[in-house]
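In what follows, a single structure is set out as structure tokens and then discussed.
The numbers here are math on the coordinates, done by the rules we state, and not lab data. As the structure is a prediction and not an experimental result, all values here were calculated from the model. Methodologically, a virtual Cβ is constructed for each residue, glycine included, from the backbone with ideal geometry; neighbour enumeration extends over all protein chains shown.
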Amino acid sequence: MLVIRALNDKLRIDCSGGYFVVTQGIHALGQDELAKIEKAIIAFDDFRFQNDPFGEHDFGKVRVSGRDIFWKIDYYDQTQTHHSPDPANSNVTTRVMTVMLASEY
């Protein structure tokens with residue numbers, strides 16, 4: 001769990017170790033709003049049992065410009081067609097963070 005958390009934090013904070021995907025709703029907000037959202041996600045640290053029961057830091061909600069924004073990290077195999085066989089192993093896992101408006105969930 002600690003390894004997964006560290007890898008997820010690395011993607012969320014350093015924008016490394018995986019990919020970011022934004023939904024159409026986020027894309028439509030424009031570059032300035034996207035920059036604000038990215039800063040809010042990087043600064044997010046409100047992880048607690050209620051929103052992170054497994055301690056993996058793989059989901060969060062931020063509020064930016066009056067909008068609720070969700071982000072979620074998923075674990076795929078190297079082909080990105082199946083779930084990762086071992087999310088703690090970055091050699092067999094591709095991390096993908098999806099950023100979306102809460103209304104798109």
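For the condition buried (at least 17 other Cβ atoms within 10 Å of the Cβ), closer than 24 Å to GLU104 by Cβ and touching a residue at least 60 places away in the same chain (Cβ under 8 Å), what is the one hit in ILE69, ILE26?
Within the list ILE69, ILE26, the selection yields ILE26.
With the structure loaded, tell me whether GLU104 is among the acidic types (Asp, Glu) and touching a residue at least 60 places away in the same chain (Cβ under 8 Å) or whether it fails that test.
yes
Looking at the stretch 52-62, can you tell me whether even one residue there is of a type in the set (Asp, Glu), free of Cβ contacts under 8 Å to residues at least 60 places away in the same chain and crowded, with 18+ Cβ neighbours inside 10 Å?
yes
Between a residue in the stretch 73-92 that is within 28 Å of LYS61 (Cβ to Cβ) and touching a residue at least 40 places away in the same chain (Cβ under 8 Å) and any residue that is outside any loop (DSSP other than H, G, I, E, B) and of a type in the set (Lys, Arg), which pairs come within a Cβ distance under 6 Å, given they are 6 or more apart or on different chains?
ILE73/ARG95
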